[in-house]
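A short worksheet on the structure shown next.
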Amino acid sequence: MENKLQVRNLRISFRTSNGKVQAVRDISFDLAKGETLAIVGESGSGKSVTSKAILGILAGNSIIESGEIIYDGKDLLKISEEDFHKIRGDKIAMIFQDPMSSLNPIVRIGKQLTEAMLLKGKARQRESRSNFNTYLKNLEKAMIEADASNDPQKAAQISQNCKKFDKFEFKHIELESAYNKAFTAADETADDIEKIAFEFEKGSISRGADDRINDIVKQSRDSVNEYVVKPSKKDRVYSLTSQLKAQFKKSKKTNKFDDTVKTLYELRDIMKEGVSVEAPNFFCMGYYLTFSDKPLPDMPIDQLNAYLHDYIDKDFMLAFISDAEQALKHSSEVSCENMKKAIAELEAAKPVFAKENLDRKECLEAHKHLSAVVSACVDKLDINKDSLTFTFAPSLKSQIDSYFHAIGANKKAIRAHEKDQRKFDRIVAKGKKPNWEVADAAVTDLELIKANIARLIDRLIDHYDALLANYDSRNFDNETVAVIDYLKANASGVVDKVTRRIAKHRAIKLMEEVGIAEPHKRYKQYPFEFSGGMRQRIVIAIALAANPDILICDEPTTALDVTIQAQILELINNLKEERKLSVIFITHDLGVVANMADRVAVMYAGKIVEYGTSEDIFYRSAHPYTWALLSSMPDLDTNEKLEAIPGTPPNMIYPPKGDAFAPRNRYAMAIDFERQPPMFKISDTHFAATWLLHPDAPKVDPPKAVVDRIARMKSKRGLKDE
């Protein structure tokens, strides 16, 4: 399954006046496409810090000590704020606990919904144009280099073909842009007509009906296009829209809408007929109209598309595809040769970063050399970015900078610690007992940074070894088709313009999608006119406005009553399925995610203590903390008093030596207070960090409350005991 997000060895602390708080301690997880990952734990467990790190909104006193967050070939911990602006809210969106933290109280809901669409729409157009131009330029260069004959005439022909491709794409964009505008107008008009006609049939006029009729008139006229509402029907469309305005004006006075509704439905039928017609292949049509010097043949669309496809294949595309495939092979071969060299250079550089005390000049020179070596491994024709290659240089530089910054920072931290200790000792010497403790020196582990560098290099070496081993299994026919599709998709992205009218229509449809009644009326209202549950629905609509890949939900139902919680959870679940979203759901309540999570990560004191599928966690949980969460989770069938988790989470200024949960764990053993448990593998999908899973540990069963709850849940779902 394709991973949309990868978190590796993430460690985050915060500087405070009392010392360094270790909030996230070496966690790793993947988020697959279309899945929901629930991160569950008490307040202070590190779950919200993790989500904020993904979105790049950590507090200013945060320290990212190690780790990577990989999305779309980029390490989100290393990119600039400008680059994050292209991702945040567009590719990765977030829903917060309090909806008013995401809403401007003095701006109408409609404007807040459309603002992001308009801004992101323009950004995507620019990005699509840049992607198209850059890739075509790299493809042309590789095509010429791949020609074994080194024939200047062949090189000139390749350059000419690439220019032809670019030239007819302009025509393609022009045709598709006009079609998209007309199609969107017709589709939206048909939808709007059905809604307002239904209201008129009931004899009611909603607020803003005049504006809605004016929109229908304008959009109906905008829908006239060669391939949507045919120009032959233009006169009828204009006649009906003029008639509609007059009839509606009269209907408002008489409160009789029969004639208005009849006109609306005739107009709707014209619009529906237009959007039901098969669209032309504008890519092929663009080539034909640019280079054939002939008018389009007069034939049905399906026959026309077949004719145009055959024409472009014979006249241009088959030769272009053949050259493109050779270019892909050549580019990949060069990349593979450079990977072999890079493996040797990376191995040779390891001793530089393994010395007891690193030398700044030597490290920076090694970074400069390795950056060039690894950069040469990038295959510029690979449309799927190699995240490890792209993130290696900035990650290595960040670790080097962290090491030498930590040397000075550690000296200051040690001096501060010694000062506090002297003060503590003076008070004790006077016979008094201080009501505070001396925090450990807030030092950064230099050996950990060196280990991070070694791990970074080893991971890249292993990655290149795997790519080289799998080279012979690559299918260049399929990859070439994907390249042409990539160019076509980016050309289409250039014409996907979001106007204010389109944004408004999409916003109203989004409001309907998230369950807002009377969206045309609500569109013009302010946040204070909505209930808490409705505000959260609006926030969800805003988060979905840019059609993101990943949706992060940070306790989105905590501030709502139980009935509304269930509705919001069901809504998020439905939207995930319909839009193929990947969801990270942050919560302190396991019960909230029982029916929506695909996988669950249970966090405690900054670490993931148990990780598995939803069924693993709910039916086969293995960590005492997970048992405690399950025991404290209410359900309709529980008659006994719920068990509270004894004690409180540890103060992470003073991180525990062993298992952080040991002081609250009735099953704790001596080793729990001495050593942190490793992550034991229970199955291919299930892992838990508890010494109870060690082969030498005593056999311990979950608490009776957990066993009974599991039995009830299995009985309800018709599952058999294993």
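The values are calculated or read from the model by the stated rules, or taken from the named source; none is laboratory data. Remember, it's a predicted structure, so these values are computed and weren't measured experimentally. In this analysis, Cβ positions are derived from the backbone assuming ideal geometry, glycine residues included, and neighbour counts consider all displayed protein chains. Just the protein is used for accessible areas: all its heavy atoms, side chains included, with ligands, DNA and RNA removed. Shrake-Rupley method; radii C 1.70, N 1.55, O 1.52, S 1.80 Å.
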Has region 160-183 got any residue that is part of a helix (DSSP H, G or I), over 30 Å from Gln326 (Cβ atoms) and in contact with a Leu (Cβ under 7 Å, 6 or more places away or on another chain)?
no
Looking only at region 215-251, which residues are among the polar types (S, T, N, Q), over 30 Å from Met285 (Cα atoms) and surrounded by 14 or more Cβ atoms within 10 Å (Cβ to Cβ)?
Thr241, Gln243, Gln247, Ser251
Leading residue by the ranking (surrounded by the most Cβ atoms within 10 Å (Cβ to Cβ)) among those in region 422-455 that are closer than 30 Å to Leu10 by Cα and of a type outside the set (A, V, I, L, M, F, W, C):
Asn452
Over region 158-184, the set of residues open to solvent by 60 Å² or more (accessible area, probe 1.4 Å) and in contact with an Asp or Glu (Cβ under 9 Å, 6 or more places away or on another chain) is Lys163, Lys181
Looking only at region 296-319, filter to residues that are among the acidic types (Asp, Glu) and over 18 Å from Lys163 (Cβ atoms); which one of those is farthest from the chain's Cα centre (by Cα)?
Asp298
Taking the stated definitions as given, is Phe353 surrounded by 16 or more Cβ atoms within 10 Å (Cβ to Cβ) and over 24 Å from Cys377 (Cβ atoms)?
no
Could you count how many residues in region 232-277 are charged (D, E, K, R) and modelled with pLDDT of 90 or more?
10
In this structure, does Val261 turn out to be over 17 Å from Glu201 (Cα atoms), of a type in the set (A, V, I, L, M) and in a helix (DSSP H, G or I)?
no
Those residues of region 83-95 which are in a loop (DSSP other than H, G, I, E, B) and open to solvent by 10 Å² or more (accessible area, probe 1.4 Å), in sequence order:
Gly89, Lys91
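For the condition open to solvent by less than 70 Å² (accessible area, probe 1.4 Å), closer than 29 Å to Glu447 by Cα and in contact with a His (Cβ under 7 Å, 6 or more places away or on another chain), what is the one hit in Leu364, Leu396?
Details: Leu364 fails: in contact with a His (Cβ under 7 Å, 6 or more places away or on another chain).
Among Leu364, Leu396, only Leu396 is open to solvent by less than 70 Å² (accessible area, probe 1.4 Å), closer than 29 Å to Glu447 by Cα and in contact with a His (Cβ under 7 Å, 6 or more places away or on another chain).
Only residues that are in contact (Cβ under 8 Å) with a residue 60 or more places away in the chain and part of a helix (DSSP H, G or I): list them for region 196-217, please.
Ile196, Ala197, Phe200, Glu201, Arg212, Asp215
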Taking strands (runs of 3 or more DSSP E) that do not extend beyond region 1-82, which have at least 2 residues that are modelled with pLDDT under 90 and either open to solvent by less than 40 Å² (accessible area, probe 1.4 Å) or farther than 28 Å from His417 by Cα (or both)?
3-16, 19-32, 62-71
Filter region 463-476 down to residues that are of a type in the set (Asp, Glu) and either closer than 29 Å to Ala366 by Cα or open to solvent by less than 50 Å² (accessible area, probe 1.4 Å) (or both), then give me how many there are.
1
Which listed residue, of Asp210, Asp192, Asp187, is surrounded by 20 or more Cβ atoms within 10 Å (Cβ to Cβ) and among the acidic types (Asp, Glu):
Asp192
Select from region 666-716 the residues that are out of contact with any helix residue (DSSP H, G or I) (no Cβ under 6 Å at 6 or more places or on another chain), outside any loop (DSSP other than H, G, I, E, B) and at pLDDT 90 or above and write down the one among them that is least open to solvent (accessible area, probe 1.4 Å).
Ala688
For Ala123, are the conditions met, namely being over 19 Å from Leu289 (Cβ atoms) and touching a strand residue (DSSP E or B) at 6+ places or on another chain (Cβ under 9 Å)?
no
Unique match (being within 31 Å of the chain's Cα centre (by Cα) and not hydrophobic (A, V, I, L, M, F, W, C)) among Ser322, Ser402, Ser292
Ser402
Leu381 meets each of (1) farther than 27 Å from Val7 by Cβ; (2) open to solvent by less than 70 Å² (accessible area, probe 1.4 Å); (3) assigned to a helix (DSSP H, G or I) with one exception, condition (3)
For region 96-108, which residues satisfy the criterion of being open to solvent by 30 Å² or more (accessible area, probe 1.4 Å) and part of a loop (DSSP other than H, G, I, E, B)?
Phe96, Gln97, Asp98, Ser102, Asn104, Pro105, Ile106, Val107, Arg108
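Here is a yes/no grid of residues against (1) open to solvent by 70 Å² or more (accessible area, probe 1.4 Å); (2) under 24 Å from Lys137 (Cβ atoms); (3) of a type in the set (Asp, Glu); (4) modelled with pLDDT of 90 or more:
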{"residue": "Asn478", "(1), (2), (3), (4)": "yes, yes, no, yes"}
{"residue": "Ala507", "(1), (2), (3), (4)": "no, no, no, no"}
{"residue": "Glu513", "(1), (2), (3), (4)": "no, no, yes, no"}
{"residue": "His520", "(1), (2), (3), (4)": "no, no, no, no"}
Quickly run through region 264-295 and pick out the residues that are open to solvent by less than 50 Å² (accessible area, probe 1.4 Å), under 18 Å from Lys167 (Cβ atoms) and assigned to a helix (DSSP H, G or I).
Phe282, Phe283, Cys284, Met285, Gly286, Tyr287, Tyr288, Thr290
Residue among Lys122, Lys111 that alone is open to solvent by 30 Å² or more (accessible area, probe 1.4 Å), farther than 30 Å from Ser48 by Cβ and assigned to a helix (DSSP H, G or I):
Lys122
Could you check Lys340 against (1) open to solvent by 30 Å² or more (accessible area, probe 1.4 Å); (2) under 30 Å from Ile144 (Cβ atoms); (3) within 32 Å of the chain's Cα centre (by Cα) and say which number it fails?
(3)
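Listed here are the residues, each with its yes/no results for (1) part of a helix (DSSP H, G or I); (2) touching a Gly at 6+ places or on another chain (Cβ under 8 Å); (3) within 30 Å of Ile144 (Cα to Cα); (4) not hydroxyl-bearing (Ser, Thr, Tyr).
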site	(1), (2), (3), (4)
Ala372	yes, no, yes, yes
Leu388	yes, no, yes, yes
Lys411	yes, no, no, yes
Lys433	no, no, no, yes
Ala442	no, yes, no, yes
The lone exception for Leu460 - which of (1) open to solvent by less than 40 Å² (accessible area, probe 1.4 Å); (2) under 26 Å from the mean Cα position of the chain (by Cα); (3) at pLDDT below 90 it fails
(3)
Can you name the number of the only condition in (1) in contact with a helix residue (DSSP H, G or I) (Cβ under 9 Å, 6 or more places away or on another chain); (2) open to solvent by 70 Å² or more (accessible area, probe 1.4 Å); (3) in a helix (DSSP H, G or I); (4) of a type in the set (Asp, Glu) that Asp298 fails?
(3)
